[in-house]
Every structure is written in C-alpha cells, then in structure tokens.
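The values are calculated or read from the model by the stated rules, or taken from the named source; none is laboratory data. Treat the numbers as computed from the prediction; the structure is a model and nothing was measured. We place every Cβ from the backbone using ideal geometry, glycine too, and count neighbours over all the protein chains shown.
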Amino acid sequence: MINNDTRFLGLMGNPLEHSFSCFMHNRAYELEKMNYIYINMETEKKNIGDILNGIKHLKFDGFNVTIPYKIDIMDHLDEIDPLAEKIGSVNTVKIEDGRFIGYNTDGEGFVISLAEECNFDCRGKKVLILGSGGASRAVAMTIADRNPEKIFITNRTLQKAVDLSDEINYKFSEICFPVDGVNLDAVIDDCDLLINTTSVGMYPNVDECPLEPELLHEGLTVCDIIYNPEKTMLIQEAEKLGCKTMNGIGMLVNQGAKAFEIWTGKKAPLEHMRESLKILID
Ligand code: ATR
C-alpha cells in the first residue's frame, strides 16, 4: 500500500514505454512486501539537473538510468564507483544523505548470469565480443576486470572496435585486440566464450545471425544479450553444436537485482524478478 512511508525509486530515460524495469521492480517490492514504488521518469536532457534537485528533497533512495542518459547523468553526480568510471557510463544512482552516487550494474549483471547459467568464470579465458556500442562497453570492461587471458572485439564499424580495445588496454593491461572480418576465423577457433552485443537477430529481424554459423565450434560458450526472441538464430545454431548458451534475460534480471541491492541493502528476489519478465516476454 502506498502511504506516507513509501520510498521512491525510478527510471530516467527517454523513451521509456518499452522498458521492463518498472514492472520488474514493482513486482519485486510487492512480493517482498517492501514499501517502495518505482516510477518512470521520462524526460528531456535539459531537465535532468532540475529533476535531481527536486528528488533530493523527496523520499527517493535512488533511480536507474537508461538510453540516452547513461553518460549525461555522470556530470550531475557527487561520486562515481570505479567500475562505472572505467565503463564510462552509469545505469544506477543511489541517493545517500542528499549525495548522488553512480554505479554501473549492466556488466556485472552479465557476468553473474554467465556464472549462474553457464558455470563460466572469465579468469584466464579467451573471449570474443561482437559489437562496440554501449552494452559492449559495459560487458567488455567488466570482463576485463575479471582477469581474462585475452579479449577480442569486432564490429561492423571496425574503428569503434579499435577505439574500445585501446581504451580497455589503457584502463587495464594489454589484453584486448580488435579483429577484422578476415581474421575472425582463426580467432574464434581459439576462444572459449563468444558474446553478441549487437542488435543483429533482435525482433523483428529474427532470421539474422551476427556471424556465419560455420564459425561456431563445439566447446564454445555462446551468449547473446538479446532477450527478444528468447532464442536468437545465433543461440539456435550454437545449440545444434551442443554449445552452452545464454540469452539476455539473465543480464536484464541481474542488473536490476544489483540495483535493488544497492538501494535497499537486501538480497534481491531473483526468481520473482525473472518470472515477472517472463510474463512480459511471453
Ligand atoms: P547498445 O547500447 O545496445 O549497445 P548501440 O550503442 O547503438 O546499442 O550499439 C549497437 C551495436 O550493434 C554496435 O556495435 C553496432 O555496430 P556499429 O558500431 O557499426 O553501428 C551494432 N549493429 C547494429 N546494427 C548492426 C547490423 N545491422 N550489423 C552489424 N552490427 C550492427
């Protein structure tokens, strides 16, 4: 029940009509009988400062940030967690004594689900990442933080893969290498983990695959951060070879669960959150 003790959380971004976060979080608070409400805060960029000044004086414990403000929000924060600083974007803000503290839980959400669903530990492993956008940055930087042997990055616009590799090498050590299409063949043969962070294969283009299925091999763990459809063409092709696979639902749930824990200090009800997403996706 909403009453005078209700604490506020929310999501800042634009547009927000397709986001699952509001439903997923409110379902979790309802089922856990926690007196929180999570609201959508769809806004123009010019209003971000005014909104922060306002919510500082209300019963807000924090909020999520999504496209297109994950970078813009950083100028308005009092403190930024070191991993979020390295990733270069913030998706979760905690409000503590009127101070705004920024975190990024996207990459952690990914590696947690990788451990849970595929029993995969990035330490000492060779990883190939397809794509160099915002999601790729979070995933690649978080994996870099987990001591892999090597990370390879390829992208339709190769220069973006080169730039992201340079940045990872600067922030960590010499572990990241850009790959062009010609060399993909040899690189993937040697890799333990393949991650698609591009939008290729996402609904409605469900017949597209981000790389030639012939390049996949037995023993490769294959992840797609797309969750609609639940099984992309890439995942279907990998399953035919008996590869361990994972779609994007776990990342979505776990990034939300991490945010829940940052705000409330309590363990998130993962299964309830996962079930609520299934209601929306099915
Ligand atoms: P997100 O925040 O979800 O990562 P993004 O920053 O827009 O979104 O990144 C989208 C990624 O998908 C990019 O790597 C993009 O490649 P470019 O950098 O060349 O744009 C990739 N991508 C999108 N459509 C693609 C397509 N049709 N073929 C190959 N890659 C594509």
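What's the number of the condition Asn196 fails, among (1) without any contact (Cβ under 8 Å) to a residue 40 or more places away in the chain; (2) within 10 Å of the ligand (Cβ to nearest atom)?
(1)
Kindly indicate the residue of the range 135-160 that is of a type outside the set (A, V, I, L, M, F, W, C) and within 11 Å of the ligand (Cβ to nearest atom) and also nearest to Thr197 (Cα to Cα) among those meeting that condition. Steps first, answer last, please.
Taking the range 135-160 first, the residues of a type outside the set (A, V, I, L, M, F, W, C) are 136-137, 142, 145-150, 154-157, 159-160.
Filter again for within 11 Å of the ligand (Cβ to nearest atom), leaving 136-137, 154-157, 159-160.
Numbers: Ser136: 6, Arg137: 9, Thr154: 10, Asn155: 10, Arg156: 12, Thr157: 14, Gln159: 16, Lys160: 13 Å.
That would be Ser136.
Checking the conditions here, which among Leu211, Leu194 is closer than 16 Å to Leu128 by Cα, in a loop (DSSP other than H, G, I, E, B) and modelled with pLDDT of 95 or more?
Details: Leu194 fails: in a loop (DSSP other than H, G, I, E, B).
Going through Leu211, Leu194 in turn, just one is closer than 16 Å to Leu128 by Cα, in a loop (DSSP other than H, G, I, E, B) and modelled with pLDDT of 95 or more: Leu211.
Please work out if Pro204 is within 16 Å of the ligand (Cβ to nearest atom) and in contact with a helix residue (DSSP H, G or I) (Cβ under 8 Å, 6 or more places away or on another chain).
On the way: within 16 Å of the ligand (Cβ to nearest atom): yes; in contact with a helix residue (DSSP H, G or I) (Cβ under 8 Å, 6 or more places away or on another chain): no.
For Pro204, the condition - within 16 Å of the ligand (Cβ to nearest atom) and in contact with a helix residue (DSSP H, G or I) (Cβ under 8 Å, 6 or more places away or on another chain) - is not met.
Going by the structure shown, is Asp106 surrounded by 14 or more Cβ atoms within 10 Å (Cβ to Cβ) and in contact (Cβ under 8 Å) with a residue 40 or more places away in the chain?
Numbers: surrounded by 14 or more Cβ atoms within 10 Å (Cβ to Cβ): yes; in contact (Cβ under 8 Å) with a residue 40 or more places away in the chain: yes.
Judged against the criteria, Asp106 is a match.
Report, by residue number, each residue of the range 43-96 that is within 17 Å of Gln255 (Cβ to Cβ), hydrophobic (A, V, I, L, M, F, W, C), outside any helix (DSSP H, G or I) and touching a residue at least 40 places away in the same chain (Cβ under 8 Å).
Phe63, Val65, Ile67
Which is within 20 Å of Glu85 (Cα to Cα), within 16 Å of the ligand (Cβ to nearest atom) and of a type in the set (S, T, N, Q), of Ser132, Ser173? Spell out the reasoning first.
Values: Ser173 fails: within 16 Å of the ligand (Cβ to nearest atom).
Testing whether each residue is within 20 Å of Glu85 (Cα to Cα), within 16 Å of the ligand (Cβ to nearest atom) and of a type in the set (S, T, N, Q) leaves just Ser132.
Does Arg123 satisfy being over 20 Å from Ile71 (Cβ atoms), at pLDDT 95 or above and either near the ligand (Cβ under 9 Å from one of its atoms) or aliphatic (A, V, I, L, M) (or both)?
Considered against the rule, which asks whether it is over 20 Å from Ile71 (Cβ atoms), at pLDDT 95 or above and either near the ligand (Cβ under 9 Å from one of its atoms) or aliphatic (A, V, I, L, M) (or both), Arg123 comes out as no.
Inside the range 217-282, counting only helices (runs of 4 or more DSSP H) that do not spill past its ends, which hold 1 or more residues that are touching a Pro at 6+ places or on another chain (Cβ under 6 Å) and within 20 Å of Leu130 (Cα to Cα)?
Details: elements: 233-240, 249-264, 270-281.
Fully inside the range 217-282 and qualifying: 233-240.
In the range 237-282, how many residues are more than 20 Å from Val222 (Cβ to Cβ), touching a residue at least 24 places away in the same chain (Cβ under 8 Å) and small (Gly, Ala, Ser)?
5
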